[in-house]
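Derivation of every value follows stated rules applied to the coordinates shown; laboratory data play no part. These numbers come from a predicted model, not from an experiment. Don't worry about glycine lacking a Cβ; one is built from the backbone with ideal geometry, like all the others, and counts go over all protein chains shown.
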């Protein structure tokens with residue numbers, strides 16, 4: 001057990017690509033990858049709608065096992081984080097499909113992050129001098145279709161670039177931009193109408 | 001706490017005896033999609049080459065003035081629409097979609113939008129088809145199918161069908177034998193029938209040589225079950241002039257136009 005323990009210094013010193021190469025040679029090095037990405041991935045799983053912490057942790061475990069299995073498929077020219085987020089996204093969506101239900105309500109603390117990140121889109125939050133509340137925003141987000149919500153989560157929660165979102169969702173960057181614009185418009189319309 | 005979590009994940013990996021997918025399988029998978037895309041583009045280009053050949057080969061496009069009288073009763077637009085080789089266009093479309101599927105599953109295929117990938121695939125097929133047609137590939141495929149696959153003739157309107165109408169005076173086919181002393185040609189029609197052509201009084205292009213292996217378009221009169229009296233003979237210029245024909249053992253037939261005056265019927 002002791003030989004598998006990796007210090008945080010060791011973990012932070014190596015790049016993702018180095019860790020991948022080390023893991024392919026020695027599976028114990030995978031611990032460093034798990035240590036580095038377990039917290040952000042767990043957050044991402046929850047943000048995608050999996051609110052049950054036990055289910056989220058089970059999903060996280062499955063995601064890391066999948067990452068381990070497919071490690072040879074990783075392309076070093078791609079950001080490693082994009083690649084593992086892609087696996088996480090697919091795994092979570094598969095989970096929701098099996099459950100035949102995708103929760104849409106975001107946790108309240110998560111919603112505040114979104115609210116802050118969206119604040120640069122002033123016209124979205126403030127309309128006709130009236131500032132919308134996080135609850136209203138939550139109501140608007142609930143009405144978004146999954147494809148729009150995925151982009152919104154990656155852009156405003158995970159703060160990913162268009163290129164990264166493209167790599168995670170396996171869609172062209174142009175489509176990312178289109179989906180994001182439409183998502184914003186839909187949020188705006190929802191805020192103007194039903195969520196007031 | 002965090003260490004507990006990741007140790008649990010590592011334990012699970014060991015417990016399940018999880019192994020990584022080997023590199024060769026990853027390579028094989030990537031290669032398969034590239035191969036699928038490449039094969040589809042090549043097949044699409046063959047379909048496009050054949051489509052271009054079949055369409056361009058139509059007499060009403062190039063030889064309209066020459067045999068205008070044969071088509072006077074038919075509107076030009078109807079010929080045009082009828083002559084579009086839809087079956088080959090469907091094949092092209094099908095393989096373009098397969099190419100799109102293959103390319104989309106390559107490592108970075110998702111970065112390109114569907115119209116870009118489909119456009120690039122079609123453009124590649126077009127350029128490749130033009131290259132293929134310099135070697136008459138479209139013609140060979142079309143001819144092979146016309147002569148050997150019965151159902152193909154039902155799926156396409158081709159010039160070969162127009163020239164397989166001996167009853168109305170249009171006969172086309174491949175020269176099997178030429179006898180310049182008796183002015184007889186043995187011709188294999190596109191429907192496989194062997195014809196004996198008498199060209200004693202036929203109008204010929206002085207530059208044209210009737211040799212074994214050459215494809216001809218003959219207008220004239222059907223005089224028997226397998227006999228035909230030729231009025232005019234022209235070679236299948238557009239598509240077969242580039243094709244090498246077997247040298248004839250007979251002396252090529254040459255006739256001065258004023259030796260046998262044209263009999264117009």
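Full extension of the chain between residue A:58 and residue A:15 gives 12.8 nm of extra length, using 0.36 nm per residue less the Cα-Cα distance. Compute the FRET efficiency between residue A:159 and residue A:135 as 1/(1 + (r/R0)^6), taking r as their Cβ-Cβ distance and R0 = 25 Å, and round to the nearest 0.05. Computed FRET efficiency for residue A:159 and residue A:135 comes out at 0.60. Length gained on full extension, residue B:194 to residue B:17, computed as 0.36 nm times the residue gap minus the Cα-Cα distance: 56.5 nm. Here A:156, A:77, B:31, A:64 are placed in order of increasing Cβ neighbour count within 10 Å, fewest first, which gives A:77, B:31, A:156, A:64.
When B:198, A:26 are arranged by Cβ crowding within 10 Å, least crowded first, meaning fewest neighbours, the order is A:26, B:198.
Relative to its Kirkwood radius, the Cα radius of gyration of region B:94-154 gives an Rg/Rh of 1.15. Checking the a/c ratio against 1.5 first, then a/b against b/c, what shape does the Cα gyration tensor give for region B:152-244? It comes out oblate by the Cα gyration axes. Shown for B:24, B:34, B:163: other C-beta atoms within 10 Å of each C-beta, ranked fewest to most, produce the order B:24, B:34, B:163. Between residue B:35 and residue B:8, the FRET efficiency from the beta-carbon distance, with R0 = 51 Å, is close to 0.80.
Ordering B:225-234, B:126-135, B:12-21, B:47-56 by mean Cβ neighbour count within 10 Å, with the highest value first, yields B:47-56, B:225-234, B:126-135, B:12-21. With each label modelled as a point 7 angstrom along the Cα→C-beta vector, the residue B:179-residue B:97 pair spans 5.6 nm.
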